[in-house]
Each structure stands twice: as C-alpha cells, then as structure tokens.
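*Asks:* Quick one: the structure is below, and I'll ask about it shortly.
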Amino acid sequence: MFVNIREIQIEKYDVIVAGSGLAAYALVKRLARGGKSALILESGMLEYDGTLQEDFTTMFGRGHFDAQYWPLHWGRMLGGTSAFWAGWCTPLTERNFRDWPISRKDLDPYYLLAAGYLRRTDAFLTYDKPFVPGFDYRPLSAEPALNLNSEPDLLEELSLADIALTTTLKELHPSDDRRSIDAISIYTPDGPDMLVKLREGQTVVLAAGGVGNAQILLSSSSESGQAVGNEEDQVGRYLMEHPHFYNCARILASADHILPKLPEDFGIAIPAVAPDDALYDQLGSIDLSIELLDSDVDLDDPVERFLVGNFTTPPIAYELNVRSEMPPEAENRLKVAEGHDPAGLRRLRAICYIGTDTFRAVDSALEFLSDTLVEAGPSRLAIRNEEIARNVTGGGHTMGTTRMGDSPRTSVVDRDCRVHGYGNLFVAGSSVFTSGGYANPTLTLMALAARLGDKISGTS
Amino acid sequence: MKKAPLSRRDLLLGFTGIAVGGAVATAVGLTFRSQIKKLVGLPGTPQDRTLPTYDDGWLLTEQEWAAFQDADTAVTSDILEVRDNVDIPGGDYDELKVSSVQECVTACEQDSSCKAFTYARASHSDSGKRRACWLKSGSTGTPVTGDSRYVSGRRDGW
C-alpha cells in the first residue's frame, strides 16, 4: 500500500528499495515469499509528470548516445521505466554469460519466475530452431508489457511491501570501516531532508535504473572523498546499450526461407534469427539478432524487379532490423558532472561510443547471411550501408554501470549483486550486467532481482 | 684510311631506319602495355574502369550483375538512334529519375523538343547518378564515346 514516509516507522522494514520498476517488483515478490518486508521509495508520482521527469533526469553527454538519449529510458513515476516498455523479452543465452561470474544455469529457475511475473509461458525461454546454415531462428516474445504505472494494483497487492511516492533516496552513509551502510538520506519535496539511521539487519537495495543506481552511489560521498562502492573507480563504467540498425538490409527470398511456424504457447512473437555458436565466434563473440519483418516486393527497384525473374514461384520479401551486443568498455561511462537534481543527487555526464568491432560484426553477419542465401538458390540480400554506418540508434537498454564481477578492481557488485565490501548494500537492475548480449534486458534484470530477493531472505 | 662522305642515299636510308625502328618500338611498347594492363589490371582512364558497384545495395553474383547490366542496355526505338557507352554532355533541359533505359527513351520520344538523351546506367559508379535520364535540346557538346556508364540517343541521327 502507499505510505507517507514522514508518518511511518522506517525501522520496521527489512529492506529499503530505491526505485519502483520491474526490478523492485520481482525483488519484493521474492522477499515477501521469504517473509521479508520492503519499503519502496519512488521519486515520481502515480502518473507521469513532464516537469518532474525533466528536473530529475536532465544530464550531459556525448557520443553515439548523448544527453538527450538516456533520460528517455529513465522513468520517474510509479513503475519506473517499465512505463515506457514495449514488452519485448528474450533471455540471455549461455554464451552471453562468458564474462559473468554466474552462468545461465544459475538464472534458469529465475527466468521461469520472471516469465511467470510477466504472464507468459516459458516457451520463448528455450525455443531455438535452425534457419539457414550459420543462423538459428530465435524469435523474441512480444506479449503485452507488464506496466506497473498503469496497473498500480500489482504493487499494492504485495502484502509485505509499502510504497512511498515522491520520495527519493539521495545519499548512502557508509560506516567508518566501509563494511556497511549506517544511514541513508531521504528527500521529499514537502519538508527537510530526513537522515534515517539503519537498524541491525536492515538492507538497502538500489533498483533505480541503469543510470539511477550509479547516480545514487556516485552522489554518496559527503563524508570522505570516495563515493560508496567507488573505491576502485568502477561505478558508472562499462555503460552499454544495444545498437539498433533499423531497415539496414532487405531480403528477397524463395519459399525455402519462410520462417518456421511457432508453437501456439509462444504467444506474440517478433521473428528474428541469431548467429549459431560457430558464426558467433567468427564475429568476434559479439552477439546479434536479425529481425525479419514481412515486406512487399518492390518493383520500383530495378534490381529487385530483375531478381524476381530468377524465382520459379513469386518471392517473399523481408525488411531487416539488426540489434547487436556492444562489448563492455571501461571508457564508456557515466561521470559526475555539474549541478544537482531537486533531491540533491549529482547530475551525470554520459560518454558512450559504439566501437568499430560492433559495426564490423553487423556488416559481417549480413554478408555471411547473403553468402548463405546465394549458395542456397535465388534468394538475395541487400545491405544499406548508410543505415549501418550512420543511422544507428539504441533500444532504451541502459546496462553495465554497476557491473557484476568477482574482482572489485573491475566491477562494483559481486555474484550475489552485493556492492563489494558492503554487507547490507545490493543492486538490482540492468546496471549489474557484466555484458549485454543482444537480449532486451527486462527479463534478465527481473530474474536477477528475483534471485537477489531469495539471497537476501536466505531462501536460495 | 679516309672515310667516304655520306651520300644522300645513305642519309635517307638512315632516317628511314630510325623512323621504322621507332614505329616498331612504339608498336611493341603499346602491345606490351595493353598486355600488361590485362595481366595485372593497371587502372586505365576512369571511363573504361568497371567499378564494383555492388557493395551498397543488392549483393549479386558477378554473372547476375553482368546480366542486369545487359538488361540495362537492351532498348529499341523507331524515332531515336540509340548508342551504347556514349555520353552526350550539355544541352540538358530536364532530368528524370527512371527505372530503366526504356523509360528514358520513351520520355524523349514523347517530347518533340527532346533532340537527344543520355541515361546513366544502374551500375554507374556515382550512386547519385544511377538511373538518371537527361533530356537534351539541340545544342549539345561533342559526344564522348567509350564510356560504359552511359547510354545515349539522338533524334536526328548522329
């Protein structure tokens, strides 16, 4: 239920969660199962408010994704960024965990849970069919999104969780030995800041989004020079997106290349193919997904009209969208910049460039697919260089700013999503991704948050 | 022993020898150069180079490109005299984007003020010019032959 932070006893809650998105949702679901109560702090209101959104999320930045880009996927309202989510889901595959301290097997039971929370069957979690040599058919699940912003009941029905709106976790105060968080500062627009001393056994989880989690850590540095969790200068680093290349290629195909029929319980699907393991290795271990959208044969294109003559039966046409992995790079990062948001959190600057390796992998994959089609018969592929080289955009997938790893020198959280060294501080959300694969991150961040819920309540 | 002075006949023979030798050397050189060009693919003038234009757009086999380019030439007209691999510079009064050379021919046929046309093939090295059709008035420049990027035609003969 909804509470006013100034009228409640904060020490009665086992876990304080910053952020009310789908990471928080999966987390508190599992916490409740383990008998743990939670207080969710959300900066935003029940409804979207443009002024509030702008006041809190304005930032600086340069690169392929600039200052205007990130705030679009950093929602300040009940449900957080899930309010803008389209509902597309697919899990990371085994190979995507190459650099992670955990494997796909560790997440498998939680992927099942997350799929259930999202009201989907598990059919899409394991579906995988060969398409052409080098590529497997791996469609994305596109059932309607679970949107906490339009369904506040989903959070209210959680018996052991309360939600405080227009309430912002603005600072974490570490103990002198930096082994735990002693106290937190909370901002609301209607009164002075509150300094809340944490009781023994009380835990803090940051679930404030890919930018927000790093922001809270980087803003928690009043007592000493180093921000909390940033003892090794790792917070904000390894910022990642999923480069999207819309309409970057086109296929004119024979009936041999009609996509396989999906099982009924797969639900709504976005048709897409992904490189098999051998091709993935050849592409420099950069994963990608090629979406194949039905299109009409374009007789105004003289080459296409010429090609139609090569088919014995009328060909089909696909327009291709590619979404790819962006390998983690320490220099792609969020940094503290000039100014503060209304709660006093530091404004951030994002520096994020897509590397040559990513562009090359996309181009090579399309060329490989073309070669495969040429070998197989009359099907042909067209590459639109301009769309790959110049018109790249993102997917609204902010990842990697509080990276998971075994070494504090190259990561911020450990394999249990605990901030290195701090006993009672955890992170939930795509900010912990060690690498991003090509998969839309929501399903994985929910699985990780559900797993964290079990870790905190001691039930895993 | 004193040499006899060169006669007029000796001089003429000498000059002829030099001239014939030079001509033979030039011929051998040219033949060698063209052979070398064939062997190692020395670049010629821009006009006689066939650039690989199939890297942006449809990835076709070489045979398909050849067939496609042939189809880009096959054209007939009762009114216009069409010549392959010719560019007529200047005299443009209209520029159209067409989907085939036939479409360009038809456009010129139907306009009595069109005295000539030049069509840029779909394989043109400059993607901005591909399938452009220039309709021309009477006052054009001298046709440039041997340029495989273009097809041109004239209403009143060449």
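The values are calculated or read from the model by the stated rules, or taken from the named source; none is laboratory data. Quantities reported herein were computed from a predicted structural model and do not represent experimental measurements. Note that each Cβ is placed from the backbone with ideal geometry, even for glycine, and that neighbours are counted across all protein chains shown. The accessibility values were calculated without ligands, DNA or RNA, using every heavy atom of the protein model including side chains. Shrake-Rupley method; radii C 1.70, N 1.55, O 1.52, S 1.80 Å.
*Asks:* From the list A:Ser379, A:Ser407, which one is under 25 Å from A:Ile351 (Cα atoms) and more than 10 Å from chain B (Cβ to nearest Cβ)? Don't jump to the end; show me each part of the working.
*Replies:* On the way: A:Ser379 fails: under 25 Å from A:Ile351 (Cα atoms).
Within the list A:Ser379, A:Ser407, the selection yields A:Ser407.
*Asks:* Shifting gears a bit: Please identify the pairs in which a residue from the stretch B:56-76 that is more than 9 Å from chain A (Cβ to nearest Cβ) has its Cβ atom under 6 Å from the Cβ atom of a residue that is open to solvent by less than 50 Å² (accessible area, probe 1.4 Å), counting only partners at least 6 apart or on another chain.
*Replies:* Going by the 6 Å Cβ cut-off, the qualifying pairs are B:Gln69/B:Ser123; B:Val75/B:Val82; B:Val75/B:Val101; B:Val75/B:Val105.
*Asks:* Check the stretch A:348-364 and report whether any residue there is open to solvent by 20 Å² or more (accessible area, probe 1.4 Å), assigned to a strand (DSSP E or B) and away from chain B (no Cβ under 14 Å).
*Replies:* Within the stretch A:348-364, one or more residues are open to solvent by 20 Å² or more (accessible area, probe 1.4 Å), assigned to a strand (DSSP E or B) and away from chain B (no Cβ under 14 Å).
*Asks:* Scan (1) touching an Asp or Glu at 6+ places or on another chain (Cβ under 7 Å); (2) over 13 Å from A:Gly212 (Cα atoms); (3) not in a strand (DSSP E or B) for the single condition A:Phe56 breaks and write down its number.
*Replies:* Going through (1) touching an Asp or Glu at 6+ places or on another chain (Cβ under 7 Å); (2) over 13 Å from A:Gly212 (Cα atoms); (3) not in a strand (DSSP E or B) one by one, A:Phe56 breaks only (2).
*Asks:* May I pose another question? Please work out which one of (1) farther than 19 Å from A:Asp301 by Cβ; (2) more than 14 Å from chain A (Cβ to nearest Cβ); (3) acidic (Asp, Glu) is the condition B:Asp126 fails and give its number.
*Replies:* (1)
*Asks:* Give the number of residues within the stretch A:420-460 that are at positive phi and crowded, with 24+ Cβ neighbours inside 10 Å.
*Replies:* Here the count works out to 2.
*Asks:* Over 30 Å from A:Asp193 (Cβ atoms), open to solvent by 10 Å² or more (accessible area, probe 1.4 Å) and away from chain B (no Cβ under 14 Å): is that true of A:Asp281 in this structure? Break it down stepwise before answering.
*Replies:* Working: over 30 Å from A:Asp193 (Cβ atoms): yes; open to solvent by 10 Å² or more (accessible area, probe 1.4 Å): yes; away from chain B (no Cβ under 14 Å): yes.
Judged against the criteria, A:Asp281 is a match.
*Asks:* Here's something else I'd like to know. How do the pairs read when you match residues in the stretch A:385-401 that are away from every other protein chain (no Cβ under 14 Å) with residues anywhere that are open to solvent by 50 Å² or more (accessible area, probe 1.4 Å) and in a loop (DSSP other than H, G, I, E, B), using Cβ under 7 Å and keeping only pairs 6 or more apart or on different chains?
*Replies:* Between residues of the stretch A:385-401 that are away from every other protein chain (no Cβ under 14 Å) and residues that are open to solvent by 50 Å² or more (accessible area, probe 1.4 Å) and in a loop (DSSP other than H, G, I, E, B), the close pairs are A:Val392/A:His64.
*Asks:* Residues A:Thr51, A:Thr57: which one is polar (S, T, N, Q) and open to solvent by less than 20 Å² (accessible area, probe 1.4 Å)? Walk me through how you get there before you give the answer.
*Replies:* Details: A:Thr51 fails: open to solvent by less than 20 Å² (accessible area, probe 1.4 Å).
Being polar (S, T, N, Q) and open to solvent by less than 20 Å² (accessible area, probe 1.4 Å) holds for just one of A:Thr51, A:Thr57, which is A:Thr57.
*Asks:* Let me ask something else about it. Looking at (1) open to solvent by 50 Å² or more (accessible area, probe 1.4 Å); (2) of a type outside the set (Asp, Glu); (3) at pLDDT 95 or above, which one does A:Leu72 not meet, given that it meets all the others?
*Replies:* A:Leu72 satisfies every listed condition except (3).
Rundown of residues vs (1) at pLDDT 95 or above; (2) in contact with a Ser or Thr (Cβ under 9 Å, 6 or more places away or on another chain); (3) away from chain B (no Cβ under 14 Å), yes/no style:
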position: A:Pro260; (1), (2), (3): no, no, yes
position: A:Asp265; (1), (2), (3): no, yes, yes
position: A:Pro271; (1), (2), (3): yes, no, yes
position: A:Asp276; (1), (2), (3): yes, no, yes
position: A:Asp287; (1), (2), (3): yes, yes, yes
position: A:Gly309; (1), (2), (3): no, no, no
position: A:Val322; (1), (2), (3): yes, yes, yes
position: A:His340; (1), (2), (3): yes, yes, yes
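*Asks:* I'd like to check something: does the stretch B:106-113 contain any residue that is in contact with a Lys or Arg (Cβ under 8 Å, 6 or more places away or on another chain), open to solvent by 10 Å² or more (accessible area, probe 1.4 Å) and either away from chain A (no Cβ under 14 Å) or within 27 Å of A:Glu387 (Cβ to Cβ) (or both)? Working first, answer last.
*Replies:* As a first pass, look at the stretch B:106-113 and keep what is in contact with a Lys or Arg (Cβ under 8 Å, 6 or more places away or on another chain): B:108.
Now restrict to residues that are open to solvent by 10 Å² or more (accessible area, probe 1.4 Å): none.
No, the stretch B:106-113 has no match at all.
*Asks:* Of A:Ala214, A:Ala255, which residue is within 30 Å of A:Ala183 (Cα to Cα) and away from every other protein chain (no Cβ under 14 Å)? Steps first, answer last, please.
*Replies:* On the way: A:Ala255 fails: within 30 Å of A:Ala183 (Cα to Cα).
Selected residue: A:Ala214, the only one of A:Ala214, A:Ala255 that is within 30 Å of A:Ala183 (Cα to Cα) and away from every other protein chain (no Cβ under 14 Å).
*Asks:* Hey, another quick one. Among the candidates B:Ser125, B:Ser139, B:Ser112, which residue alone is in a loop (DSSP other than H, G, I, E, B), touching a residue at least 24 places away in the same chain (Cβ under 8 Å) and over 17 Å from the mean Cα position of the chain (by Cα)?
*Replies:* The match here is B:Ser139.
*Asks:* Could I ask something else about it? Looking only at the stretch A:143-162, which residues are more than 24 Å from A:Gly423 (Cα to Cα), outside any loop (DSSP other than H, G, I, E, B) and open to solvent by 10 Å² or more (accessible area, probe 1.4 Å)? Explain how you work it out, then say what you get.
*Replies:* So the first thing to find is which residues in the stretch A:143-162 are more than 24 Å from A:Gly423 (Cα to Cα), and the list is A:143-159.
Cutting the leftovers down to outside any loop (DSSP other than H, G, I, E, B) gives us A:153-156.
Listed by number, the residues that qualify are A:Asp153, A:Leu154, A:Glu156.
*Asks:* Run down A:Gly236, A:Gly225 and say which single residue is of a type outside the set (A, V, I, L, M), out of contact with any Pro (no Cβ under 8 Å at 6 or more places or on another chain) and buried (at least 21 other Cβ atoms within 10 Å of the Cβ).
*Replies:* On the way: A:Gly225 fails: buried (at least 21 other Cβ atoms within 10 Å of the Cβ).
Residue meeting the stated conditions: A:Gly236.
*Asks:* For the stretch A:163-195, what are the residues that are among the charged types (D, E, K, R), surrounded by fewer than 20 Cβ atoms within 10 Å (Cβ to Cβ) and assigned to a strand (DSSP E or B)? Can you show your working first?
*Replies:* Of all residues in the stretch A:163-195, those among the charged types (D, E, K, R) come to A:170-171, A:176-179, A:182, A:190, A:193.
With surrounded by fewer than 20 Cβ atoms within 10 Å (Cβ to Cβ) added as a condition, the list becomes A:176-179, A:182, A:190, A:193.
A:Asp182 - this is the single residue of the stretch A:163-195 that is among the charged types (D, E, K, R), surrounded by fewer than 20 Cβ atoms within 10 Å (Cβ to Cβ) and assigned to a strand (DSSP E or B).
*Asks:* Given the structure, is A:Leu140 more than 28 Å from A:Asn4 (Cβ to Cβ), crowded, with 20+ Cβ neighbours inside 10 Å and under 27 Å from the mean Cα position of the chain (by Cα)? It would help to see each step written out before you state the result.
*Replies:* Numbers: more than 28 Å from A:Asn4 (Cβ to Cβ): yes; crowded, with 20+ Cβ neighbours inside 10 Å: yes; under 27 Å from the mean Cα position of the chain (by Cα): yes.
Yes: the conditions hold for A:Leu140.
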